[in-house]
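Trainee: Handing you this structure, nothing more for now.
Please treat every number below as a calculation from the coordinates, not as lab data. Worth saying up front: this structure is predicted, and the values here are computed from it rather than measured. All Cβ positions, even for glycine, are placed from backbone atoms using ideal geometry, and neighbour counts span all protein chains on display.
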Amino acid sequence: MAQLFLALLGLAVGAVINVLADDLPHRTEFRQPRCPACDQRYTPLQWVAVVAFLSGRGRCGFCDASLALRRVLVEIVSALMLVLLYDKFGPTIKFLLLAMLLEGLWLITIIDFEHRLILYATIFPMIGIAVLYGLFGANRGLTRTLIGGLVGFGVVYLIYLLGWVFGAVAARTRGEPLSEIPFGGGDVNLAGVIGLAVGWSGILLSLFITVMTGGLGALIYVLFMSSRRRYDAFTPIPYGPFLVLGAVVLLVFDAEIRQYFAGS
């Protein structure tokens, strides 16, 4: 019963994440779910996309546009996260704080992937949740938690500065300014949040995972775009999702990783 309740709760949380992902980048207030094509309000049975599709209401009643499949994906991932976290950690404070943390990171991932933005409106609440997790979920203590945040922020801030140097050199070489740099200020803030959650030692491994998966993602993108003759060496790639991926691995599999390194 607990898993069923959490799955339904996860779908509802996913529906809220969808609304926030649509509205926050445009600085609009929290609104009832709307059709992106005609901006008309969805009916209550369409607020949760999974329910809408299962009940045969997968299209807008005003313009007949199909509900975005992104809404379904977000809701399903949200539900699976809650169920899997509960199965792993049980009814504990760690589960509660980790669920809040991962749902928030999921929202950040969606916005950054679609808009190349990591907003203060998502970062500030996450700072509080990450600190609470470091204190009561990971039992790391305030000092180690804050050091983790400083290390995460500091390391990625250095990468951010190197990105500006690279951008200046590349702009001088090309004779035109670059509109994007490898890491933005939002990535720096997100790394600080992740550092608060995983600690100073964890953030280094998390960033290593980020670099490896980000490099693999970039390689796949280059090969795909090159095959279509549309490759541009200076096309920006959002790094927020890769930062989140590294954090999730550390947060969910922390015990297994520690056991592996202890036994090696």
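Trainee: Residues of segment 89-139 being β-branched (V, I, T), more than 20 Å from A79 (Cβ to Cβ) and outside any helix (DSSP H, G or I), which ones?
Mentor: Filtering segment 89-139 down to residues β-branched (V, I, T) leaves 92-93, 108-111, 118, 122-123, 127, 129, 131.
Then keep just the ones that are more than 20 Å from A79 (Cβ to Cβ); that gives 93, 118, 122-123, 127, 131.
Scanning segment 89-139 gives a single hit, I118.
Trainee: When you scan segment 21-37, do you find a residue that is out of contact with any Asp or Glu (no Cβ under 9 Å at 6 or more places or on another chain), farther than 27 Å from L250 by Cβ, aromatic (F, W, Y) and not in a helix (DSSP H, G or I), even just one?
Mentor: No, segment 21-37 contains no residue that is out of contact with any Asp or Glu (no Cβ under 9 Å at 6 or more places or on another chain), farther than 27 Å from L250 by Cβ, aromatic (F, W, Y) and not in a helix (DSSP H, G or I).
Trainee: Taking the condition of being on the phi > 0 side of the Ramachandran plot and either of a type in the set (D, E, K, R) or touching a Leu at 6+ places or on another chain (Cβ under 9 Å) (or both), how many residues in segment 85-133 meet it? Walk me through it before giving the result.
Mentor: As a first pass, look at segment 85-133 and keep what is on the phi > 0 side of the Ramachandran plot: 90, 116.
Filter again for either of a type in the set (D, E, K, R) or touching a Leu at 6+ places or on another chain (Cβ under 9 Å) (or both), leaving 116.
Number of matching residues: 1.
Trainee: Turning to a different aspect of this structure: Just to verify a result, which residue in segment 196-221, among those that are small (G, A, S) and in contact (Cβ under 8 Å) with a residue 60 or more places away in the chain, is farthest from L132 (Cα to Cα)?
Mentor: Step one: filter segment 196-221 for residues small (G, A, S), giving 197, 199, 201-202, 206, 214-215, 217-218.
With in contact (Cβ under 8 Å) with a residue 60 or more places away in the chain added as a condition, the list becomes 197, 199.
On the way: A197: 8, G199: 12 Å.
Ranking the candidates gives G199 first.
Trainee: Between Y120, Y160, which is within 18 Å of G246 (Cβ to Cβ), of a type in the set (S, T, Y) and surrounded by fewer than 21 Cβ atoms within 10 Å (Cβ to Cβ)?
Mentor: Numbers: Y120 fails: within 18 Å of G246 (Cβ to Cβ).
Within the list Y120, Y160, the selection yields Y160.
Trainee: Mind listing whichever residues of segment 8-49 are over 20 Å from the mean Cα position of the chain (by Cα) and touching a residue at least 60 places away in the same chain (Cβ under 8 Å)?
Mentor: L8
Trainee: May I pose another question? Within segment 90-115, which residues are surrounded by fewer than 18 Cβ atoms within 10 Å (Cβ to Cβ) and not charged (D, E, K, R)?
Mentor: G90, P91, T92, I93, L96, F113, H115 - these are the residues of segment 90-115 that are surrounded by fewer than 18 Cβ atoms within 10 Å (Cβ to Cβ) and not charged (D, E, K, R).
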